Each structure stands twice: as C-alpha cells, then as structure tokens.
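Written out below as structure tokens is the structure these notes cover.
Please treat every number below as a calculation from the coordinates, not as lab data. Since we're looking at a predicted model, the values are computed, not measured. Neighbour counts are summed over all protein chains in view; Cβ atoms, including those assigned to glycine, are modelled from backbone coordinates with ideal geometry.
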Amino acid sequence: MARKQKIAPVGKDTDMEVAYRIERFLAAEARALDEERYDDWLAMLDENIAYKMPIPMNTYRRNRPGKSSICETMIYDESFEKLKQRAAREDTGMVWLNDPATHHIRTITNIESFCTDEASVYDVRSKFTLLRARRDKDHISHTGTRKDLLHDTGNGLKLVARTVFLPARVIVDKNLNMFF
Amino acid sequence: MSKFDYNKLIDNEAALQSRSIFWEPEIYQEELKQIFNRCWLFLGHDSQIPEAGDFLRTYMGEDDVIVVRGEDGEVRAFLNACSHRGNKVCQAEWGKTKAFTCSYHGWAYDNMGELAAVPLEESIYDNLDRSKLGLVPVARVQNYKGMIFGTFAEEGPDLVEYLGDMAYYLDVVLDASPEGMELIGTPFRVEIPGNWKLPVENAIGDGYHVAWAHAGAMRVVGTIGQGRGETVLGIGKDNTGFDDSGQMQVAIPPHTILSTLDGQSGYALYDNPGPCIEYLEQVRPSVVERLGEVRGKQLLGSETHMGVFPNLQIIQGLNLLRVIHPKGPGAFEVATYSMADKNTPDEVKDIIVKHVGQTFGSAGILEGDDGDFTEAITHSPNGYATRQMKGWLGMAQGRTMDWEGPGEASPGIVNELCQREFYTQWQRTMLAESANDILPKAPVQKESANG
C-alpha cells in the first residue's frame with residue numbers, strides 16, 4: 001500500500017456511504033478513547049501511522065527565519081510503537097494523576113471526507129473539543145482541528161496519519177497526556 | 001525593610017521551609033525585586049539569534065523582554081514596552097527585523113533599541129528628543145560560551161563571577177567541542193498552577209520522586225528497541241532508587257549539580273540510544289583531551305542536572321534546557337528546549353529532539369506527572385492551618401563524599417542536598433541589601449578528604 005503524504009486540498013467529496021462510515025469510525029474512535037479502551041483504539045490504527053501535533057508558531061506573517069536554530073517543533077511526533085508505549089503507561093495502574101479516574105469527553109464535529117489520488121485513502125478533516133474533568137474542579141477543554149488520512153482496508157478503516165492542530169502557544173494545563 | 005523574617009521562613013539547620021513561601025503574595029512581590037531584578041537570568045542562546053536583526057522574546061521575572069542582535073552584531077535586551085505609553089512593541093515570539101513598531105501610535109525602534117521614527121514627529125512635537133526615548137535596556141547582558149544572560153542590576157557580580165565554579169560543570173555541555181552547544185527548535189511552553197520554586201528544585205535535585213511519582217512512565221520508557229529491563233538510572237521495581245555507589249549531588253553555591261557519574265546513563269531513558277551512545281563514545285577521547293578525565297569520562301554522557309540559580313536547568317542526557325518563569329505566586333510557565341553539541345550528526349539530533357518531546361515536552365510522559373503535587377503544595381496553603389506547616393528536606397544532611405571537582409559533594413542522586421542549597425540561596429537573595437550581596441560571602445572551602 002502506498003502511503004503518500006500528499007494530502008489533497010479540499011477535493012472531491014467521498015460518496016455518502018464512505019462519508020457515513022468515516023463519521024462512524026471517528027465517533028467509535030472517540031468513544032474507545034473516552035472509555036480508556038486503548039487496545040481497541042490501537043487496533044484502529046495503521047502500524048505505519050504518523051501521529052503529529054506541531055507547536056503553533058507565533059511569528060509575524062512575513063517572518064523570514066534566516067539562520068536561527070528555532071524551527072518547527074512537534075508536541076507529538078509519534079510512531080505506532082510510541083503510541084503503544086503511551087497507552088501502556090496509562091494501563092500500568094501507576095499513573096497517579098488518573099486515580100481517581102480522569103474523565104474525557106471527545107466531541108468530533110465538522111467532519112469532511114475527501115477523495116485522494118488513491119482510491120482507498122481518504123483525506124478527512126474534523127474539529128474536536130476534548131473536555132477533561134478530574135478532581136474537584138479541574139475542568140479543562142481543548143479545542144482544535146485534525147487532518148487525518150484513513151485507509152480503507154479489507155479489514156475496515158485504519159488511521160494512517162493524523163496531524164492535530166491545537167491553537168494554543170502556551171498550554172495552560174497540568175499535562176497533555178491524552179490522545180487527540 | 002521586609003516585614004518577613006527570612007531567617008525564620010527557611011531554617012537551614014533543620015532543613016525546614018515555611019509553606020507560606022509558596023503562597024504569600026507579598027513574598028512573591030519581594031522575590032520579583034530581590035531575585036528576578038538582581039540575579040543573572042538566562043535569556044537565550046547565540047544559536048537562536050545568529051545574525052543581525054534576529055530577535056526572540058522571553059521573560060525576566062514577569063517582565064516581557066526582547067533579546068535582539070543589533071545591526072552592529074551586539075546582543076542587547078530591552079523591556080518590551082514603548083517609551084510613549086507602554087504598549088508592547090513586539091508581539092512575535094521570534095524572528096528577524098530591522099525595527100520594532102508599536103501597534104498603538106506607530107513609534108518605531110531600530111534593532112539596537114533607539115527610537116528611530118515617530119509618525120508626524122515634526123508637525124506635532126516641539127519637545128520630543130528621540131535620543132532619550134529608546135527602549136529601556138536590561139542593565140547588563142553578558143555571554144558565557146554562547147549562553148546569553150541578563151540582569152537588571154547595575155552593580156553586583158559580572159556573569160563569570162556569578163557562575164563561578166559552576167562553569168567547570170557547564171563546560172561539559174557548552175565546551176565539549178570548539179563549536180559548542182546549540183538549542184534546537186521552538187521551546188515547549190506550558191503554564192502550571194504552582195509556585196515557580198517547586199519545579200526548579202524538583203528538576204535540579206529531586207532524585208527521590210522519580211521512581212514513585214513517575215512510576216507509570218518509568219515502567220515504559222526505554223522499552224522499545226533495547227528491551228530494557230526493569231531498571232533505569234539504578235531505579236527499578238526492586239530498587240527504591242537509593243544508590244550511593246557512585247552518584248552524587250554537589251553544592252556550588254548558589255548553583256547545584258546532580259550526576260550519575262557513570263558516563264552513559266543520560267541515555268538510559270531513550271528507546272533507541274544506540275546512535276547517541278555511539279556518537280558519545282566517538283567524541284569522548286577528544287573531550288577527555290579538552291576537559292580532562294573527570295569531566296570527559298565521569299560527567300560527559302551521565303545524567304547530569306545543572307541548576308543555575310534562580311530558574312535555569314540544563315539537563316545533560318535528557319539533553320534539555322528549561323527555564324521557569326514566575327506568573328504570580330500561584331503559577332509558572334516552563335519553557336523547555338532541546339540541546340545538543342553543534343557537531344552532533346543530524347540523525348542523533350533528531351533522536352534527541354523527539355526524546356525531549358516524548359519525555360518532557362508539553363505532552364511528555366514524565367512532564368505531566370508533576371502537576372498535581374506542585375499545585376497542591378502551592379495552593380493548599382490557602383488554608384490558614386496548612387499555611388503554618390513546614391516542608392522538610394533533611395535527606396542525606398551531613399553526608400559528604402570525596403569528589404575531585406569543585407563544590408561540596410554528597411553521595412547518591414536520591415538526596416536533598418541540591419534542594420536545600422536552593423532554599424539557602426533563596427534566603428540569601430531575599431535577605432540581600434543589594435546585588436552585591438547575592439553570592440555567598442566567602443568561597444566554600446572543600447572539606448578535608450575524609451569529611
């Protein structure tokens with residue numbers, strides 16, 4: 001299977017049935033994560049997944065970087081193995097900050113499904129709100145956008161690439177240890 | 001005269017710290033003046049602003065500061081505030097520019113801080129002297145081997161005197177090659193609801209919490225590729241982390257060192273340390289030649305946490321540099337940068353940058369663990385009774401060991417020497433009458449060999 005990173009600009013819509021399956025996939029994925037079913041979630045990923053979240057750049061629009069060592073940096077830059085490792089940490093039972101349990105509610109919306117150059121690969125855009133509630137009043141909501149590539153395999157849809165854009169330069173939260 | 005008795009708030013002999021020092025708003029205001037307006041503070045690195053016009057923004061205490069290399073090549077720092085009404089003259093985090101232009105009335109300053117242009121100047125002003133209305137400069141900006149520091153204090157020690165013997169240790173990172181170190185990428189920035197002192201002393205000296213607070217992460221880090229066992233940095237399920245067989249903490253007042261001294265364990269948390277260790281061993285002979293056996297063999301490559309008072313931590317091995325900026329008594333911002341020797345091959349730099357992100361970046365699997373207790377220690381003293389409590393850092397008090405390098409060493413990285421030293425220095429600066437008093441009076445004498 002070729003996995004070109006070339007993502008179509010807003011292209012031809014997928015047909016309705018595919019769009020429906022994609023929406024169901026994203027809702028099921030969000031629910032698996034909300035319910036801390038990490039094995040189920042990992043099974044929805046392609047093993048060559050590229051999972052990224054860049055730091056937003058607060059530079060002037062006309063910025064010319066020159067020779068500075070400052071450059072684009074990733075908050076998440078994960079392979080399948082690294083995602084598995086993060087999930088394994090959650091399952092050790094030794095992550096004290098999640099005991100009592102942290103509650104996550106993921107709302108996925110504005111889902112747009114587009115065809116790509118490859119018949120079985122879809123370019124899917126969505127927006128999310130991830131509410132995290134823990135302890136007495138520790139309620140935090142992160143809102144952002146996602147750019148996904150989904151591969152339609154004989155075995156259902158698989159997530160091949162995800163780039164999460166969280167438009168907050170300074171993260172105001174005690175941790176971002178959650179999957180977006 | 002302060003209304004607080006800093007001699008009582010910190011009891012050095014009993015190693016007790018009043019909980020109010022993390023909470024009391026008036027103490028915080030005195031910290032901004034006594035510490036952040038007097039000590040040398042890290043501003044940035046040459047690699048970030050190599051050319052004329054390159055600038056970055058950072059904080060000195062809560063003061064927003066622009067650090068810029070002027071057209072003349074000199075690095076200066078200025079308050080990010082227009083001389084006219086005080087609006088910020090720069091909203092970008094970094095970049096390259098010839099001018100900083102205020103968005104309010106358009107006053108424009110050149111990259112050496114001079115007021116270069118005022119809209120309608122000749123028609124509306126008879127009394128404006130541009131030469132007196134430049135950006136307010138940070139009093140002194142000095143450079144140690146690429147590291148740019150600044151202080152608002154006109155008097156007091158120069159940077160080299162302020163760093164003192166700490167330079168011996170810093171050189172392992174800054175001077176391992178003629179090209180030196182560089183910072184890589186954009187810093188991770190996170191704001192946490194805790195007092196600024198807590199993340200500082202945690203990073204420079206709390207070897208005790210690693211096995212427990214980070215237990216979940218420590219079970220999984222480094223497990224990919226190297227099939228790591230249950231032990232990292234001498235810490236595992238059969239080991240509480242106490243190991244005095246060759247690890248140490250060192251006080252070099254006002255600064256501190258924690259090091260494993262084994263020459264390699266800095267890479268113990270990496271999933272793919274192979275290329276890093278290969279490069280490390282490749283350069284080791286030249287570093288030994290450059291810095292000697294102790295630094296080349298024992299310190300290079302070890303997990304080594306360098307604490308430069310008040311708010312800079314340079315962590316070799318994890319290869320990150322962190323600055324803690326206070327944001328009121330009850331919050332701080334941590335800025336975390338990746339670092340490497342400039343000669344490091346690109347593939348090794350990539351491993352380092354990814355590792356920093358995965359461990360101590362905004363979503364790092366270790367970074368997130370510390371938030372709850374930092375918040376609790378800071379904010380539980382909202383309660384009057386809790387505020388009367390004291391914290392205790394008495395571990396390994398009085399234990400010493402022989403060490404060839406400068407400073408007073410104590411065995412084990414599970415040790416509270418560095419944290420005690422931090423609060424001793426905090427007390428010293430809070431009591432100081434001027435910037436001339438912020439360093440210990442006499443150089444610390446090394447105790448005799450069997451001390």
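Taking every alpha carbon pair in the stretch A:47-174, what does the distance histogram look like in 5 angstrom bins from 0, in percent?
Here the calculated profile for the stretch A:47-174 is 2, 8, 13, 17, 20, 17, 12, 7, 3, 1.
As a check on your grasp of the helix formula, calculate [θ] at 222 nm for chain B: sum -39500 (n - 2.57) over DSSP H runs of n ≥ 4, divide by the residue count, round to the nearest 500.
Numbers: 13 runs with 112 residues, N = 451.
Value at 222 nm, helices only, nearest 500: -7000 deg cm²/dmol.
What's the Cα-based Rg to Rh of the stretch B:1-89, Rh via Kirkwood? It would help to have the intermediate numbers written out before the result.
Working: Rg = 18.0 Å, Rh = 15.8 Å.
Across the stretch B:1-89, the Cα-based Rg/Rh ratio is 1.14.
Rounded to whole Hz and in sequence order, give me ³J(HN,Hα) for the stretch A:68-76 from the Karplus expression 6.51 cos²θ - 1.76 cosθ + 1.60, θ = phi - 60°, writing x for Gly and Pro.
Each residue's phi maps through the Karplus curve to give 4, 7, 6, 7, 4, 9, 9, 6, 10 Hz.
What translational diffusion coefficient, in µm²/s and rounded to a whole number, does the Stokes-Einstein relation yield for the stretch A:34-89 at 20 °C and a viscosity of 1.002 mPa s, taking the hydrodynamic radius as the Kirkwood radius over Cα pairs? Walk me through the numbers before you get to the answer.
Working: Rh = 13.8 Å.
Using the Kirkwood radius from Cα pairs, D works out to 155 µm²/s.
Ignore the peptide's own chain and count Cβ atoms of other chains within 10 Å of each Cβ in B:213-219; give me the average, rounded.
Working: counts 3, 4, 6, 13, 7, 3, 8.
Average neighbour count from other chains, rounded to a whole number: 6.
Tell me, what HN-Hα J-couplings in whole Hz come from the Karplus equation 6.51 cos²θ - 1.76 cosθ + 1.60 at θ = phi - 60° for each residue of the stretch A:118-131, using x for Gly and Pro?
In residue order, the calculated couplings are 9, 4, 9, 10, 10, 9, 10, 10, 8, 10, 9, 10, 10, 8 Hz.
Could you work out how far apart the two model spin labels at B:Glu433 and B:Asn127 are, taking each label as a point 7 Å from the Cα in the direction of the beta carbon, and quote it in nm?
Result for the modelled spin labels: 4.0 nm.
Rank these for me by crowding, A:Thr153, B:Thr97, B:Thr378, B:Thr151, going from fewest to most other beta carbons within 10 Å. Working shown, then result.
Working: A:Thr153 12, B:Thr97 20, B:Thr378 23, B:Thr151 27.
In increasing order of surrounding Cβ atoms, one gets A:Thr153, B:Thr97, B:Thr378, B:Thr151.
Counting only helical runs of four or more DSSP H residues, what would the 222 nm mean residue ellipticity of chain A come to if each run contributes -39,500 (n - 2.57) and the total is spread over all its residues? Present the calculation step by step, with values, prior to reporting the outcome.
Working: 3 runs with 35 residues, N = 180.
Per the formula, -6000 deg cm²/dmol.
At q = 0.05, 0.06, 0.08, 0.11 Å⁻¹, what log₁₀ I(q)/I(0) does a Debye calculation on the Cα points of chain B give, no solvent, two decimals?
So the normalised log intensities work out to -0.18, -0.26, -0.47, -0.89.
I'm checking a number: the convex hull volume of the Cα atoms of the protein assembly as shown, normalised per residue, in Å³. What is it?
Working: hull volume 110.9 nm³, N = 631.
Taking only Cα atoms, the protein assembly as shown has a hull volume of 176 Å³ per residue.
With θ set to phi - 60°, apply the Karplus curve 6.51 cos²θ - 1.76 cosθ + 1.60 along the stretch B:306-315 and write out the HN-Hα couplings as whole Hz, x wherever there is a Gly or Pro.
So the Karplus estimates, Gly and Pro as x, are 9, x, 9, 5, x, 9, 10, 10, 10, 10 Hz.
Shielding by partners for B:177-186, please: the mean number of other protein chain Cβ atoms within 10 Å of each residue's Cβ.
Numbers: counts 0, 0, 0, 0, 0, 1, 3, 4, 7, 13.
Averaged over the peptide's residues, the number is 3.
Residues of the stretch B:87-115 with amide nitrogen under 12 Å from the 7 Å Cα-to-Cβ point of B:Glu74?
So the set is B:112-114.
Provide a whole-number value for the mean count of partner chain Cβ atoms within 10 Å of the Cβ atoms in peptide A:45-58. Present the calculation step by step, with values, prior to reporting the outcome.
Details: counts 0, 0, 0, 0, 0, 0, 0, 0, 4, 1, 9, 2, 5, 8.
Per residue, the average neighbour count from other chains is 2.
Non-local amide H neighbours of B:Met181 (under 5 Å, H modeled in plane, Pro and chain starts lacking H): which ones?
Here the answer is B:Lys342, since their amide H atoms fall under 5 Å of that of B:Met181.
Identify the GluC sites (Glu not before Pro) of the stretch A:1-103 meeting these criteria: DSSP loop state and at most 14 other C-beta atoms within 10 Å of the C-beta.
Qualifying residues, ordered by number: A:Glu35, A:Glu72.
Distance cut-off 31 Å, Cα to Cα: go down the list A:Lys12/A:Lys127; A:Lys174/B:Lys33; A:Lys52/B:Lys145; B:Lys145/B:Lys441 and report the pairs above it. Write down the numbers at each step before the final one.
On the way: A:Lys12/A:Lys127 19 Å; A:Lys174/B:Lys33 28 Å; A:Lys52/B:Lys145 34 Å; B:Lys145/B:Lys441 26 Å.
As for pairs spanning more than 31 Å Cα to Cα, those are A:Lys52/B:Lys145.
Along the Cα-to-C-beta direction of A:Glu17, a point sits 7 Å from the Cα; which residues of the stretch A:83-123 have their amide N less than 18 Å from that point?
Within reach of a label on A:Glu17: A:113-116, A:119-122.
Taking amide hydrogens as modeled 1.01 Å from N in the peptide plane, which residues meet the under 5 Å criterion relative to A:Lys174, leaving out close sequence neighbours?
Amide H neighbours of A:Lys174: none.
Using the structure shown, list the pairs from B:Lys197/B:Lys354; A:Lys67/B:Lys98; A:Lys84/B:Lys297 with a Cα-Cα distance above 25 Å, or answer none.
Numbers: B:Lys197/B:Lys354 27 Å; A:Lys67/B:Lys98 16 Å; A:Lys84/B:Lys297 36 Å.
Pairs exceeding the cut-off: B:Lys197/B:Lys354; A:Lys84/B:Lys297.
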